[in-house]
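Notes for the one structure printed next.
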Amino acid sequence: MKADPKVQRRLLDLQAIDTALAQLAHRRRSLPERAELEALARELSALEDERVRAQVAVDDLDRDIARLEKDVDQVRARKSKDEARLAAGTGPARELEALQHELVSLNRRQSDLEDAELELMEQRETAQGVLDGVERRAAEARERREATERRRDEALAEIAKEEEFKRNARQPLAADLPSDLVTLYDRIREDTGLGAAPLTGVRCGGCRLELSGADLARIRKAAPDDVVRCEECSRIMVRTNGPGL
Ligand SMILES: [Zn+2]
């Protein structure tokens, strides 16, 4: 393939734009916010599990407290009935004495139930504190997620803007070059990430290998408008260091 040396050198400008575009694509893929958001998603999921467990603990205690409350109500009702019967003072003395005994034991039962209820209410307060703590941490994590999403979106917008800028510069440059040269360049670039590289001294700028003597002889013999390629990496080598090479 043949191309004017000046045209060949413009391939390097095209390559500079394509390298910048590849770097932007890499930046988009490896934004630190992506990893941060994944870590935050894991954290939020663990916090949700924790929240469910804390809520269950509170609900269990509420149920136990309600049950005790009902027991206390039953004891109170029974006490009022007994007290009413005692106040009426009717019935045999033995029965009245039994009622008094029962009242003593009902009072003890009520006191035990109330102690147990108090104990459960203290436990509930602790459990509620745990639940509140988990919910606070989840709210903080959600705030951090929102802030991270904002930063990610800003970074993506910035990358998109730079890409558009580069693409706008690439389009007229590529259109200005011979289409067979650009096609060859694009094919090599798609295969290797780099389509054209300068030949600096005796080194290929693509694979960084020194050219063999035979290769150098071949390139020295080539006409200036010959498009020469590296034997090692097959990239287009653009001669930049004047005659002789
Ligand atoms: Zn090479």
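The values are calculated or read from the model by the stated rules, or taken from the named source; none is laboratory data. Predicted, not measured: the structure shown is a model, and the values here were computed from it. Counting neighbours? That spans all protein chains shown, and the Cβs are built from the backbone with ideal geometry, glycine included.
Numbers for the structure displayed
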{"item": "Some residue of the stretch 99-119 being among the hydrophobic types (A, V, I, L, M, F, W, C) and within 46 Å of the chain's Cα centre (by Cα)", "result": "yes"}
{"item": "Leading residue by the ranking (farthest from the ligand (Cβ to nearest atom)) among those in the stretch 177-191 that are surrounded by 14 or more Cβ atoms within 10 Å (Cβ to Cβ) and in a helix (DSSP H, G or I)", "result": "V182"}
{"item": "Odd one out for E38 among (1) loosely packed, with under 11 Cβ neighbours inside 10 Å; (2) acidic (D, E); (3) in contact with an Asp or Glu (Cβ under 8 Å, 6 or more places away or on another chain)", "result": "(3)"}
{"item": "Looking only at the stretch 81-94, and only at residues there that are surrounded by 11 or more Cβ atoms within 10 Å (Cβ to Cβ) and free of Cβ contacts under 8 Å to residues at least 12 places away in the same chain, the one that is farthest from T126 (Cα to Cα)", "result": "G91"}
{"item": "Sole residue being outside the structural domain of E232 (by TED's automatic domain parsing) and among the hydrophobic types (A, V, I, L, M, F, W, C), chosen from L120, L194", "result": "L120"}
{"item": "Selection count, the stretch 1-47, where residues are out of contact with any helix residue (DSSP H, G or I) (no Cβ under 9 Å at 6 or more places or on another chain), among the acidic types (D, E) and farther than 22 Å from R144 by Cβ", "result": "1"}
{"item": "Filter result for the condition that a residue is assigned to a helix (DSSP H, G or I) and within 19 Å of D191 (Cβ to Cβ), over Q8, Q23", "result": "Q23"}
{"item": "Residue check, V72 out of contact with any Lys or Arg (no Cβ under 8 Å at 6 or more places or on another chain) and surrounded by fewer than 14 Cβ atoms within 10 Å (Cβ to Cβ)", "result": "no"}
{"item": "Selection from the stretch 193-215 of residues that are away from the ligand (no atom under 11 Å from the Cβ), over 21 Å from T19 (Cβ atoms) and in a strand (DSSP E or B)", "result": "none"}
{"item": "Selection count where residues are among the acidic types (D, E) and at pLDDT below 95, scope the stretch 84-123", "result": "2"}
{"item": "Count of residues meeting criterion [more than 13 Å from the ligand (Cβ to nearest atom) and in a strand (DSSP E or B)] in the stretch 224-242", "result": "2"}
{"item": "Number of the condition not met by K221 [criteria: (1) among the charged types (D, E, K, R); (2) away from the ligand (no atom under 11 Å from the Cβ); (3) in contact (Cβ under 8 Å) with a residue 12 or more places away in the chain]", "result": "(3)"}
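Per-residue answers, yes or no, for (1) part of a helix (DSSP H, G or I); (2) of a type in the set (G, A, S):
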position	(1), (2)
A39	yes, yes
A54	yes, yes
G91	no, yes
R94	yes, no
L103	yes, no
